[in-house]
Amino acid sequence: MGENIKIHFLGAAGTVTGSKFLLETSELNILIDCGLFQGIKSLRELNWKDFPFNPTSIDIILLTHGHLDHTGYLPRLVKQGYRNQILGTPPTLGITEIILKDSAKIQEEDAERANNETYSKHQPALPLYTTPDAEKTINLFESINLNEWYQLSKNIKYRYQPNGHILGSSFIELDIFNKRFVFSGDIGRKKDLLLDPPNKPEKADYLFLESTYGDRLHPKDKSDEILTKAIKDTLSNKGSLIIPSFAVERLQGIMYKIYLLAREKKIPKIAIYIDSPMGNKILGLFYSFAEWHKLSTNEMKGMLSYFNIITSYRDTWKTIDEKHPKIVIAGSGMVTGGRVLTYLRYLIDKPQTTVLLVGYQAECTRGRQLENGAAEVKIFGKYCPVKAKILKVESLSAHADQEELLDWLSSIKNNPRKIFLTHGEPTALDSLRVKIKDLYNSELVIPNLYDITSLKL
């Protein structure tokens, strides 16, 4: 008799957020990633629903990396009864700890602001989870080593391999009853400013492949050119250049790029502020895990000396009020929350302001609205007219594009039985499906949210 495995697609199915894949086996129930849904309201509202599988029946959680859309639901799951181990690489757990504490704090603050300013329909508005919930979650963390097989039960073992993307990010191989299940996580770029190229899997019977950029190729890197012009224009306009940035990897990459431009005297001197409490903590991890990235300690020190690091909210207001030309790099990358909202609320209506978007903007986020030319955006319950110039750099993405995704598959020696395309919007998923269909004789599946697939091994 063959072994039956059930795969529950509890997130990142037909969308790019909320990554959660549950494997139900006769020996263990394993959850791969546990992310928050972001973007459109109908997706965000899913975060408030009870988890569709009994959390106390999940035996272990394996994290591919620390981004919020892969880890941000963990405290909510713990709140519902999960009490077992949460595994990841040391940098992943370091990043996840920072992100969960930050996420809890932001949700507590948002609920308090909504109650004070009475713009929520919920009375009272409540946070999705609290700082104590995040602390309970962090207590369940256990770190693992790369490239080592770990036995979970008699017929199940797993291994982590690096896949670029962000510090500590990995793809996960699970051998379940002698069949290889591969979860790609988010695959990084072959030529990344900060990280080594991703490792590639050599075997996969069942492959779960991200498709964020499955429908496109990244353009030639013109980020230096765009940054240089934006900085020079900001100086001549006596304005502000605001760069919404993810705190993890993107912030450090932009800092390094600007530092190199300054070091090579390609940009004039200008006041530059880093306003990302979470980003500052991630910079600390770059020191702690030096072997996980390309920057030397001297480069890190030189880079940090070039920027003004904001540590208090009082300094945020001072920076907004300053009249001289300035660059502000602040979270969050899709303009969904964080300190950047405070800057935009008071500066986005000024023609002298430039907003530079430096990464993927998910459907219906404020970042996507700005990218699409919105005339106004809603911030803290108020509509703000957009008079600022909106620019975009597409080449700094931490996600592999279509060509790099196909290259990542190229070392698989067998023909996978099934390839599940996940973590993408519909066009990206279908474009990648067509490409892979021409190359592999595998069954290609684009699961819908909450689908359950039974596999007979």
Which residue pairs have Cβ atoms under 6 Å apart, sit 6 or more places apart or on different chains, and have a first residue in the range 383-412 that is farther than 15 Å from Glu371 by Cα and a second that is open to solvent by less than 20 Å² (accessible area, probe 1.4 Å) and among the aromatic types (Phe, Trp, Tyr)? His399/Tyr213; Asp401/Tyr213
Which condition breaks for Thr131 when tested against (1) open to solvent by 10 Å² or more (accessible area, probe 1.4 Å); (2) under 30 Å from Lys190 (Cβ atoms); (3) among the polar types (S, T, N, Q)? (2)
In the range 235-275, how many are surrounded by fewer than 16 Cβ atoms within 10 Å (Cβ to Cβ) and either out of contact with any Asp or Glu (no Cβ under 9 Å at 6 or more places or on another chain) or among the small types (Gly, Ala, Ser) (or both)? 8
Sort out which residues of the range 303-321 are modelled with pLDDT of 90 or more and of a type outside the set (S, T, N, Q), and write them in order of number. Met303, Tyr306, Phe307, Ile309, Ile310, Arg314, Asp315, Trp317, Lys318, Ile320, Asp321
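Report whether or not Tyr82 is surrounded by 22 or more Cβ atoms within 10 Å (Cβ to Cβ) and over 27 Å from Glu425 (Cα atoms). Working first, answer last.
On the way: surrounded by 22 or more Cβ atoms within 10 Å (Cβ to Cβ): yes; over 27 Å from Glu425 (Cα atoms): yes.
In short, yes.
Which one of Leu356, Leu341 is hydrophobic (A, V, I, L, M, F, W, C), assigned to a helix (DSSP H, G or I) and at pLDDT 90 or above?
Working: Leu356 fails: assigned to a helix (DSSP H, G or I).
Selected residue: Leu341, the only one of Leu356, Leu341 that is hydrophobic (A, V, I, L, M, F, W, C), assigned to a helix (DSSP H, G or I) and at pLDDT 90 or above.
Filter the range 423-449 down to the residues that are small (Gly, Ala, Ser) and touching a Gly at 6+ places or on another chain (Cβ under 9 Å) and list them by number. Don't jump to the end; show me each part of the working.
As a first pass, look at the range 423-449 and keep what is small (Gly, Ala, Ser): 424, 428, 431, 442.
Correct list: Gly424, Ala428, Ser431.
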Matching residues in the range 263-293 (closer than 23 Å to Ser223 by Cα and out of contact with any strand residue (DSSP E or B) (no Cβ under 9 Å at 6 or more places or on another chain)) number 10
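So which of Glu173, Glu142 is in contact with a strand residue (DSSP E or B) (Cβ under 6 Å, 6 or more places away or on another chain), charged (D, E, K, R) and open to solvent by less than 20 Å² (accessible area, probe 1.4 Å)?
Values: Glu142 fails: open to solvent by less than 20 Å² (accessible area, probe 1.4 Å).
Selected residue: Glu173, the only one of Glu173, Glu142 that is in contact with a strand residue (DSSP E or B) (Cβ under 6 Å, 6 or more places away or on another chain), charged (D, E, K, R) and open to solvent by less than 20 Å² (accessible area, probe 1.4 Å).
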When the range 166-193 is examined, which residues are found to be more than 15 Å from the chain's Cα centre (by Cα) and outside any loop (DSSP other than H, G, I, E, B)? Ile172, Glu173, Leu174, Asp175, Ile176, Lys179, Arg180, Phe181, Val182, Phe183
How do the pairs read when you match residues in the range 310-334 that are of a type outside the set (S, T, N, Q) and assigned to a loop (DSSP other than H, G, I, E, B) with residues anywhere that are surrounded by fewer than 16 Cβ atoms within 10 Å (Cβ to Cβ) and at pLDDT 90 or above, using Cβ under 8 Å and keeping only pairs 6 or more apart or on different chains? Glu322/Ala271; Lys323/Lys238; His324/Lys238; His324/Ala271; Pro325/Lys238; Pro325/Ala271
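Sort out which residues of the range 382-419 are in a strand (DSSP E or B), more than 24 Å from His165 (Cα to Cα) and at pLDDT 95 or above, and write them in order of number.
Taking the range 382-419 first, the residues in a strand (DSSP E or B) are 382-385, 389-392, 401, 418-419.
From the residues that got through so far, the ones that are more than 24 Å from His165 (Cα to Cα) too are 382-385, 389-390, 418.
Tyr383, Cys384, Pro385, Lys389, Ile390, Lys418 - these are the residues of the range 382-419 that are in a strand (DSSP E or B), more than 24 Å from His165 (Cα to Cα) and at pLDDT 95 or above.
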Just for the range 279-291: of the residues that are open to solvent by 20 Å² or more (accessible area, probe 1.4 Å), farther than 15 Å from Thr89 by Cβ and without any contact (Cβ under 8 Å) to a residue 40 or more places away in the chain, which one is nearest to the chain's Cα centre (by Cα)? Asn280
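Can you pull out every residue in the range 292-305 that is part of a loop (DSSP other than H, G, I, E, B) and surrounded by 14 or more Cβ atoms within 10 Å (Cβ to Cβ)? Quick ask: steps written out before the conclusion?
Going through the range 292-305, the residues part of a loop (DSSP other than H, G, I, E, B) turn out to be 293-296.
Matches in the range 292-305: His293, Leu295.
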Given the condition charged (D, E, K, R) and part of a loop (DSSP other than H, G, I, E, B), answer yes or no: does some residue in the range 437-452 qualify? yes
Would you check if Leu457 is surrounded by 13 or more Cβ atoms within 10 Å (Cβ to Cβ), at pLDDT 95 or above and either on the phi < 0 side of the Ramachandran plot or among the polar types (S, T, N, Q) (or both)? no
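If I filter the range 19-39 down to residues being part of a loop (DSSP other than H, G, I, E, B) and free of Cβ contacts under 8 Å to residues at least 60 places away in the same chain, which single residue comes out as nearest to the chain's Cα centre (by Cα)?
Taking the range 19-39 first, the residues part of a loop (DSSP other than H, G, I, E, B) are 19-20, 25-28, 33-39.
Next, only the ones that are free of Cβ contacts under 8 Å to residues at least 60 places away in the same chain stay: 20, 26, 34-35, 37.
Numbers: Lys20: 14, Ser26: 32, Cys34: 12, Gly35: 9, Phe37: 11 Å.
Checked the range 19-39; the qualifying residue nearest to the chain's Cα centre (by Cα) is Gly35.
Just checking: which of the helices (runs of 4 or more DSSP H) contained wholly in the range 51-140 hold 3 or more residues that are over 24 Å from Ile40 (Cβ atoms)? If you could, list the steps in order and put the result at the bottom.
Details: elements: 68-71, 74-79, 90-117, 131-138.
So the answer is 90-117, 131-138.
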In the range 365-381, anything within 16 Å of the chain's Cα centre (by Cα) and in a loop (DSSP other than H, G, I, E, B) is listed as Thr365
All positions within the range 181-204 that are surrounded by fewer than 20 Cβ atoms within 10 Å (Cβ to Cβ) and touching a strand residue (DSSP E or B) at 6+ places or on another chain (Cβ under 8 Å): Asp196, Asn199, Lys203
Name the residues in the range 194-218 that are within 17 Å of Arg250 (Cβ to Cβ) and part of a loop (DSSP other than H, G, I, E, B), would you? Leu194, Leu195, Thr212, His218
I'm checking my understanding of the structure. Among residues of the range 219-230 that are open to solvent by less than 50 Å² (accessible area, probe 1.4 Å) and in contact with a helix residue (DSSP H, G or I) (Cβ under 8 Å, 6 or more places away or on another chain), which one is modelled with the lowest pLDDT? Ser223
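The values are calculated or read from the model by the stated rules, or taken from the named source; none is laboratory data. The shown structure was predicted, so the numbers you read here are calculated from the model rather than taken from an experiment. When we count neighbours, we look across all protein chains shown, and the Cβ atoms used for this are built from the backbone with ideal geometry, even at glycine. Ligands, DNA and RNA are stripped out before the accessible areas are found, and what is left, the full protein with its side chains, is counted by its heavy atoms. Shrake-Rupley method; radii C 1.70, N 1.55, O 1.52, S 1.80 Å.
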